[in-house]
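Take a look at the structure below.
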Amino acid sequence: MKQKRSLVVLSAMCFGFVFLYLPLLMMIIYSFNASRLVTVWDSAHSPTLAWYRELWTNEEILSAAKLSFKIAALNAVGAVILGTLAAFSLERYTRFRGRTIFALLTTAPMVLPEVITGLSLLLLFVALQQLFGWPSGRDATTITISHITFSMAYVVVVVQSRLATVDRALEEAAMDLGARPWKVFFLITLPLIAPAIASGWVLSFILSWDDIVITSFVSGPGSTTLPQLVFSKVRLGVSPDINALATILVAGVSVGVMLLGLGMVHRDRRKNREARAVLVPES
């Protein structure tokens, strides 16, 4: 019975991996296709790197990628700062007026449809332009502000869940020894929640890099991000250089995940060595 159950679990797991990663594998293979038809393999010619070379010389794609990277990085920094402050306020100050409304407003962008969020932000920027003359147009600034509005909600959830597990006795002991609240935050609390902040930064970066719905509302003609460019090309027909671009992105994400996994393994091994070093003298 156990053997049949394990066989079913193994089969389901294999099916899941095939369902998820077979399309990515096919895309990577076709990025080396010599034919301009992305769905037809050119068996008359050997695999080629021509589309990667063409991608490297495509200024339109490179400029869009640079803009997306810049917006995603700025968004991640802004979302982490605002989200960490909001999470700290919700978790450490539980009895202030309007806390329930504040908690609902910070997490609302997670459940609101992106179409509504994008439209509301567009109306906001138009109203600000009419009243104050800023922003003068839709560009990278409006995109970054818009991305921060929904990215910080995810940071709040991640950081607040980490703050809930932090032993407050450490902070209270530091204050009893004379440390001021800001010093306790930077020297005690911040190092303890650093992994959650890093996770929030990465999550915010990915959400911003991948967004297309909200960006379509708040971007202008001179601020085309990489997802917008890829979407416009797909609508006209996928070209082989898009396969090459997607392959590079998949490779970059894979390397990042592997490095993160190796770092976590190294950290766990170091903790185990430190724990053994503490226990050995006592035994």
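Quick note: the coordinates plus some simple rules give every number you see, no bench work behind them. Quick caveat: nothing in here was measured; it's all calculated off a predicted structure. Reconstructed Cβ throughout: ideal geometry from the backbone, glycine too, with neighbour counts over all protein chains shown.
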**Q.** Helix-derived mean residue ellipticity, 222 nm - over the chain, DSSP H n ≥ 4, -39500 (n - 2.57), to 500
**A.** -26000 deg cm²/dmol
Q) Comparing LEU207, LEU90, LEU131, which has the greatest mean-square fluctuation in the GNM of the chain with Cα pairs linked when under 10 Å apart? A) LEU131
Q. Sorted by average packing, counted as other Cβ atoms within 10 angstrom per residue and highest first, what order do 65-76, 157-168 take?
A. 65-76, 157-168
**Q.** Kyte-Doolittle at least 0.5, axis length at least 30 Å by Cα - qualifying DSSP helices, the chain
**A.** 2-30, 59-92, 140-163
Q. Extension gain PHE15-ALA73, at 0.36 nm per residue separation less the Cα-Cα distance, in nm?
A. 17.3 nm
Q: Measure out, as a whole number of angstrom, how far apart the alpha-carbon centroids of region 30-67 and region 201-239 sit.
A: 20
Q) Any idea what log10 I(q)/I(0) is at q = 0.16 Å⁻¹ for the chain, Debye with uniform C-alpha scatterers and no solvent? A) -1.30
Q) Among the trypsin sites (Lys or Arg not before Pro) within region 85-161, which fall in a DSSP loop and have no more than 11 other Cβ atoms within 10 Å of their own Cβ? A) ARG95, ARG97
(Q) Given contacts defined as C-alpha pairs under 8 Å and at least six residues apart, what's the relative contact order of the chain, whole-number percent? (A) 30
Q | Reference-scaled alpha-carbon Rg (2.2 N^0.38 Å with N residues) for region 1-113 | A | 1.85
Q. Within a Cβ distance under 14 Å of ALA72, other residues only, what is the Lys/Arg minus Asp/Glu net charge?
A. 0
